[in-house]
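Worksheet: one structure, shown below.
The values are calculated or read from the model by the stated rules, or taken from the named source; none is laboratory data. Everything quoted here is computed from the prediction, not taken from an experiment. Positions of Cβ are generated from backbone atoms using ideal geometry, with glycine treated the same way; all protein chains shown enter the neighbour counts. The protein model used for the area step is the full one, side chains on, heavy atoms only, and it has no ligands, DNA or RNA in it. Shrake-Rupley method; radii C 1.70, N 1.55, O 1.52, S 1.80 Å.
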Amino acid sequence: MTTDRTNGSLYTHIENRIATIEFGHPASNSFVSELLARLATEFDKLGANDEVSVIVLKSEGERAFCAGASFDELVAVSNLEEGKQFFSGFANVINAMRKCPKPIIGRVQGKTVGGGVGLASACDYVHATEQAAIKLSEISIGIGPFVIAPAVERKMGKAALAELTLYPTEWKNAYWAKEQGLYAKVYDSISEMDQELDIHLQKLATYNPEALAEMKKVLWEGTGHWDDLLLERAEASGRLALSPNTKKALEKFKK
């Protein structure tokens, strides 16, 4: 069952030192700006919570994991400031994820596009099903995955980033994503994934939180400049969103 709230939903449950964040939106679990802001804040809060050792990020339902950013909001962008603010949403979430001292484990049950691939890339370890195909379609509408590109490249490498971005209409299957390093494990079914995920989380929750925090620092070494970089990328994306080519491409998404 997925939410019918137009501004999306976000729920957090904490048990046995494991925090589970579940997001949802009726449009294939896409993200409106308000939902992205709430998610970034949630990572900040959980990062400071001494009762939490590990965080799992999941989405509602059994179909799409995440359809990326809201097309309705993108279509509505009318000036540079609005454009920068729109694209800053994922920048703020990715920065919150990399700075969170707790390991973040992704649960990807289905297809993921654009910003959703960025979220998976910003997780420290990802469990996925064989239905979890990925695609970066941004170039096809006149923009690009510039904000999430550093996270994708860090996890999968520049060659994989090029393959995803320069063939923006092609889905890459979950096993390809695993070979490139995005997913750690791929399962035949959601039930199989959830069983293994639970075992993994229970083990992680018993480990020394200080050791986990130090390991998190190691995993994200060399990304301290992302606070500025991702916002610069957001501004560049905002400019492209206002270009005639992009506006023309977005016409078909207007309601």
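Figures for the structure shown
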| quantity | calculated |
| --- | --- |
| Relative contact order for the chain, counting Cα pairs under 8 Å that sit 6 or more residues apart, in percent | 21 |
| Stretch gain in nm, segment residue 251-residue 175, where the contour uses 0.36 nm per residue and the Cα spacing is subtracted | 23.9 nm |
| Accessible area of segment 1-159 belonging to carbon and sulfur atoms, whole % at 1.4 Å probe | 49 |
| Rounded to the nearest 20 debye, dipole of segment 120-234 from Cβ charges on Lys, Arg, Asp, Glu | 200 |
| Note, ³J(HN,Hα) from phi for segment 107-120, Karplus 6.51, -1.76, 1.60, rounded to Hz, x at Gly and Pro | 10, 10, 8, x, 4, 9, 10, x, x, x, 5, x, 4, 4 |
| Rel. contact order, % - alpha carbon contacts under 8 angstrom, at least six apart, segment 90-170 | 30 |
| Sequence-distant aspartates and glutamates (8 or more away, or on other chains) whose Cα lies within less than 17 Å of residue 172 | 130, 138, 153, 163, 188 |
| Rounded to the nearest 20 debye, dipole of the chain from Cβ charges on Lys, Arg, Asp, Glu | 560 |
| Hydrodynamic radius by Kirkwood, which averages 1/r over all alpha carbon pairs of segment 151-255, in angstrom | 17.8 |
| Selection of GluC sites (Glu not before Pro), segment 148-201, meeting DSSP coil and at most 14 other Cβ within 10 Å | 170 |
| For segment 1-70 versus segment 103-162, the gap between their alpha-carbon centres in whole angstrom | 16 |
| Violating pairs (Cα-Cα greater than 32 angstrom) within the set 45/248; 99/247; 102/158; 178/217; 45/252; 84/185 | 45/248; 99/247; 45/252; 84/185 |
| Chymotrypsin sites (Phe, Trp or Tyr not before Pro), loop per DSSP, at most 15 other Cβ atoms within 10 Å - longest free stretch of the chain | 1-170 |
| Gyration tensor (alpha-carbon) shape descriptor, segment 42-143, a/c threshold 1.5 | oblate |
| Protein-only accessible surface order, largest first, of 203, 216, 247 at 1.4 Å | 203, 247, 216 |
| Over the chain, volume per residue of the alpha carbon convex hull, in Å³ | 114 |
| Segment 204-251: GluC sites (Glu not before Pro) in DSSP coil with no more than 16 other Cβ atoms inside 10 Å | 221 |
